[in-house]
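Below is one structure, written out as structure tokens; comments come after it.
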Amino acid sequence: MATSKKNQLIGLDIGSHSIKLVEIEHGKKGPVLKNLGIMGLPHEAIFEGSIKEPEIVSSAVRNLFRNLRVKNKNVATSVSGFSVIVKKITLDSQAESTLEATIQEEAEQYVPFDMAEVNLDFDILPTEEAGGDGSTQMDIMLVAAKKDVVESYAGLLVMAGLNPAVIDVDVFALQNAFELIDPSSKGSHALVNVGAEELGINMLKDGVALFTRDSSYGGAQLTRALMREFDVSFEDAEKIKLGGKQVEGGDKRLEKIFKDAVSEWSNEIKRALDFVASTHPGQTFDAIHLSGGSSRIPGFAEYLETMTKIPVKRFNPFAALAVNEKAMDPAYLDYMSPQSAVAVGLALRSIGDK
Ligand SMILES: Nc1ncnc2c1ncn2[C@@H]1O[C@H](COP(=O)(O)OP(=O)(O)OP(=O)(O)O)[C@@H](O)[C@H]1O
Ligand SMILES: [Mg+2]
């Protein structure tokens, strides 16, 4: 990754629960983690992937940059959820000159929005196999994102005095972070990120995405269940969840709610694995790499492993980064690692990337 200094970007993962910032410097000896920070957002400032409170979110972004003394104003961020459609399609091989028009036409059947309302993008993937009858085919990764959502994320950054240089997609940022820790790109890996409102999946075979999905599951769902169970506010329920607030008979009731969520999420992940197995016969996975704040829930990894019979690993996006341990507490880094995967992937982007 020979990124020159002026092309480097700040990775900013704007999630519904919190904003994660990662700065990576490409030094002579390789990438260095220069900055890391997180800023919580008030409940429902971002809801269902759309920004409800732009002023609040942009001032949180501004504060994060200020607290961490980040100088670089060029930012890579990402969108996710129902406003982003990612679809792998196969087309007859053709010249680039006709490709764009073909893709535009093909995309209409997969995109549930008016085509005028989306930004359409695509990547030509390394082909899995040539067509049997001699005709060659090409695999295309199609990405359509709702324009208003992309513009609201870009607008938010502008409001915070920043330059939105790259707007990526969460599951691709995750893939980008994984490539750094596993540059061989060999084997089949399922990347799973469980945040507050979204569960993102990206299944890779030899470094190429086979399948991606975003589902509306996550830790906020659990917080809402705790609100009902203990008749408390969202904020108090969040405290109970993280062990910061004790309630009468809390442990048992909490355990049950954790268990239900973990089993529901594991089912969703299993469904996605089964779907891939049905469309790619014989496809198995070497490991599931779990990230996102909600991956910290006790017993989640073990449950998922038992259910899928696939080894589940904790995704540590910092594994291949040099760290100045004098400036960053190793225990804090370890705690933050699963929650920082998307932000690390974004920080690895550079100006000019799509
Ligand atoms: N130790 C923990 N135990 C249980 N849940 C946790 C823990 N730490 C964080 N969480 C939960 O993780 C979620 C936040 O994770 P993350 O930062 O990945 O989400 P986000 O990116 O803000 O949200 P999204 O991408 O879904 O919009 C919250 O629901 C939070 O309560
Ligand atoms: Mg997230």
Q) Among the listed residues Phe122, Phe113, Phe65, which satisfies the condition of being of a type outside the set (Gly, Ala, Ser) and over 22 Å from the mean Cα position of the chain (by Cα)? A) Phe113
Q: Report the residue count in segment 193-220 for those that are under 18 Å from Val79 (Cα atoms) and in a strand (DSSP E or B).
A: 12
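Results for (1) within 15 Å of ligand 1 (Cβ to nearest atom); (2) touching a His at 6+ places or on another chain (Cβ under 7 Å); (3) hydroxyl-bearing (Ser, Thr, Tyr); (4) not assigned by TED's automatic domain parsing to the domain that holds Ser16, shown as yes or no for each residue.
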site	(1), (2), (3), (4)
Ala261	yes, no, no, no
Glu268	yes, no, no, no
Asp274	no, no, no, no
His289	yes, yes, no, no
Gly299	yes, no, no, no
Tyr303	yes, no, yes, no
Q) Can you tell me which residue in segment 76-99 is surrounded by the fewest Cβ atoms within 10 Å (Cβ to Cβ), limited to those that are more than 16 Å from ligand 1 (Cβ to nearest atom), in contact (Cβ under 8 Å) with a residue 40 or more places away in the chain and among the β-branched types (Val, Ile, Thr)? A) Thr90
Q.
Test of understanding: among Val118, Val70, Val79, which residue is more than 30 Å from Glu25 (Cα to Cα), at pLDDT 95 or above and of a type outside the set (Phe, Trp, Tyr)?
A. Val118
Q: Quickly run through segment 172-202 and pick out the residues that are away from ligand 2 (no atom under 16 Å from the Cβ) and in contact with a Lys or Arg (Cβ under 9 Å, 6 or more places away or on another chain).
A: Gly187, Ser188, His189
Q: Enumerate the pairs (first residue in segment 202-227 and at pLDDT 95 or above; second residue anywhere and buried (at least 17 other Cβ atoms within 10 Å of the Cβ) and among the aromatic types (Phe, Trp, Tyr)) with beta-carbon separation below 6 Å, excluding pairs fewer than 6 apart on the same chain, so at least 6 apart or on different chains.
A: Met203/Phe211; Tyr217/Trp265
**Q.** Every pair of residues 6+ apart whose Cβ atoms lie under 6 Å, when the first sits in segment 22-48 and is without any contact (Cβ under 8 Å) to a residue 40 or more places away in the chain while the second is among the acidic types (Asp, Glu)
**A.** Lys34/Glu23; Lys34/Glu25; Asn35/Glu23; Ala45/Glu53
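The values are calculated or read from the model by the stated rules, or taken from the named source; none is laboratory data. Everything quoted here is computed from the prediction, not taken from an experiment. FYI the Cβ positions are ideal-geometry reconstructions off the backbone, even for glycines, and counts take in every protein chain you see.
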